[in-house]
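The values are calculated or read from the model by the stated rules, or taken from the named source; none is laboratory data. Note that the structure is predicted; figures quoted are calculated from it, not measured. Cβ atoms come from the backbone with ideal geometry, glycine included; neighbour counts cover every protein chain shown.
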There are 2 protein chains.
Amino acid sequence: MNTPKDAVQPGGEPVAQARAFSSHDHTLCSGHALALAEEMAQERNLRLTPVRRRALEILLEAHRAIGAYEVLERLSEEGFGKQPPVAYRALDFLVDHGFAHRIRRLNAFVACGHPGEDHAPIFLICRDCNAVAEAEGGPVRNALDAAGAAVGFVVERASIEAVGQCPSCASVAA
Amino acid sequence: MNTPKDAVQPGGEPVAQARAFSSHDHTLCSGHALALAEEMAQERNLRLTPVRRRALEILLEAHRAIGAYEVLERLSEEGFGKQPPVAYRALDFLVDHGFAHRIRRLNAFVACGHPGEDHAPIFLICRDCNAVAEAEGGPVRNALDAAGAAVGFVVERASIEAVGQCPSCASVAA
DNA sequence: GGTATTCATGTTATATTATCACATTCCTAT
DNA sequence: ATAGGAATGTGATAATATAACATGAATACC
């Protein structure tokens, strides 16, 4: 077996920091999070099949937001299918069941930092290093629900994504 | 000259309602909004060239979120360029200067309902009719800024998009 | 255990969205 | 008038995503 964990990045583009701003949420770390996901799947009677499981691992190992085609590349290297639907289906499953999130602004996916917990995530995207942090968005979501209610709109799902500067890039810039 | 205003929709897909939920914001209505945009452009020394102006008109007339290629089709019918960059450049200009917004969830663009005013829009997208309403998101944005600040992140721009059910679809469903 | 049903995977093909690179034209400011 | 920058146009291609259908695996039911 190869060691995709150590694979280098292809391009020379700025690469996102490996960890979220401020503190590193170890929930995300591959082993633990994966075990957690297994448990959850069991409880909820979800089928965390090999492709799905591996797709989640890939997101966890990357520890940043990555595109479907990048996930696909890794999956296919490991003997899974080579065609886009393979990746999209696995990722859709993960997103649908709260194991991962889709970052629309980046056309990318990121492992969920709090799988299982019922939460209202918001995403903070650094314009410099491209890191994506998942933050607690309860209050934001409440405000959004209220804004919707004010015009008779019932919010079911939301994507709340902010672009700005993360602390470490801000300090470098200064 | 042809009458693109009356052009029928191509597909048979559900088409978004022509107006925002609850009340129809006439600021959006083509003539007035366009005049307003002209004024603004003058004040700010922006070049609202023919393609850009027409692209804005197209968004205003559509009165819903439409994709870049749909805008392009209309532009090209009217003698502007036929290649994607023509539409993307015009739309980017409009978005950059606050004449329009990009709805990431739909890969689409919509005319701004409050051009010129400094505002924090949020978008309410009906899952049934696909209508997009631009709502006031001041409080939501404040909550988002606060959430960012809590982890040292400075929010510069945000996309806040909610998917749910609009009042009229809710009443039809009931 | 057998079998019907559903769900999951894989494939080919194609649709949709977006950008690159470069030539030309137009505006504006000297 | 003319140099510089901005805007437009083109062809080409990249990047993202879905459709449609065949095969195979898990599950449920008897």
Search result, residues across region B:96-121 that are among the charged types (D, E, K, R) and either more than 13 Å from DNA strand C (Cβ to nearest atom) or touching a strand residue (DSSP E or B) at 6+ places or on another chain (Cβ under 6 Å) (or both): B:R102, B:R104, B:R105, B:E117, B:D118
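Return the only residue of B:A158, B:A111, B:A143 being closer than 21 Å to B:R47 by Cα and at pLDDT 95 or above. Lay out the reasoning, then the answer.
Working: B:A158 fails: closer than 21 Å to B:R47 by Cα; B:A143 fails: closer than 21 Å to B:R47 by Cα.
Unique residue meeting the criteria: B:A111.
Can you tell me which residue within region A:25-71, out of those that are of a type in the set (V, I, T) and not in a helix (DSSP H, G or I), is surrounded by the most Cβ atoms within 10 Å (Cβ to Cβ)?
The first filter runs over region A:25-71 and keeps only residues of a type in the set (V, I, T), leaving A:27, A:49, A:51, A:58, A:66, A:71.
Next cut, not in a helix (DSSP H, G or I) only: A:49, A:66.
Values: A:T49: 12, A:I66: 22.
Ranking the candidates gives A:I66 first.
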Subset tally (residues that are assigned to a helix (DSSP H, G or I) and either within 10 Å of DNA strand C (Cβ to nearest atom) or aliphatic (A, V, I, L, M) (or both)) for region A:72-95: 15
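Identify the residue in region A:106-124 that is of a type in the set (A, V, I, L, M, F, W, C) and touching a helix residue (DSSP H, G or I) at 6+ places or on another chain (Cβ under 6 Å) and, among all such residues, is nearest to DNA strand D (Cβ to nearest atom). Reasoning before the result, please.
Of the residues in region A:106-124, the ones of a type in the set (A, V, I, L, M, F, W, C) are A:106, A:108-112, A:120, A:122-124.
Those still in the list that are touching a helix residue (DSSP H, G or I) at 6+ places or on another chain (Cβ under 6 Å) too: A:109, A:111, A:120, A:122, A:124.
Details: A:F109: 8, A:A111: 16, A:A120: 22, A:I122: 19, A:L124: 20 Å.
Here the answer is A:F109.
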Boolean, B:A133 is more than 28 Å from A:C166 (Cα to Cα) and at pLDDT below 95: no
Pairs with Cβ under 9 Å, 6+ apart, first in region B:40-54 and free of Cβ contacts under 8 Å to residues at least 24 places away in the same chain and within 14 Å of another protein chain (Cβ to nearest Cβ), second within 12 Å of DNA strand C (Cβ to nearest atom) and among the hydrophobic types (A, V, I, L, M, F, W, C): none
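Residues of region B:81-105 being within 11 Å of DNA strand D (Cβ to nearest atom) and either under 30 Å from A:A146 (Cα atoms) or buried (at least 18 other Cβ atoms within 10 Å of the Cβ) (or both), which ones? Walk me through it before giving the result.
Our first condition is that a residue be within 11 Å of DNA strand D (Cβ to nearest atom); within region B:81-105, this holds for B:81-94, B:96-97, B:104-105.
Answer for region B:81-105, where residues must be within 11 Å of DNA strand D (Cβ to nearest atom) and either under 30 Å from A:A146 (Cα atoms) or buried (at least 18 other Cβ atoms within 10 Å of the Cβ) (or both): B:V86, B:A87, B:A90, B:L91, B:F93, B:L94, B:D96, B:H97, B:R104, B:R105.
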Filtered residues of region A:115-125 (kept if touching a Leu at 6+ places or on another chain (Cβ under 8 Å) and more than 7 Å from chain B (Cβ to nearest Cβ)): A:P115, A:G116, A:I125
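Would a scan of region B:126-138 turn up a residue that is touching a residue at least 24 places away in the same chain (Cβ under 8 Å) and more than 14 Å from chain A (Cβ to nearest Cβ)?
Initial filter on region B:126-138 (touching a residue at least 24 places away in the same chain (Cβ under 8 Å)): B:126-134.
In the following step, the residues that additionally are more than 14 Å from chain A (Cβ to nearest Cβ) were identified as none.
Checked region B:126-138: no residue is touching a residue at least 24 places away in the same chain (Cβ under 8 Å) and more than 14 Å from chain A (Cβ to nearest Cβ).
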Hits in region A:139-174 - residues which are within 8 Å of another protein chain (Cβ to nearest Cβ), small (G, A, S), outside any strand (DSSP E or B) and crowded, with 17+ Cβ neighbours inside 10 Å: A:A143, A:A147, A:G148
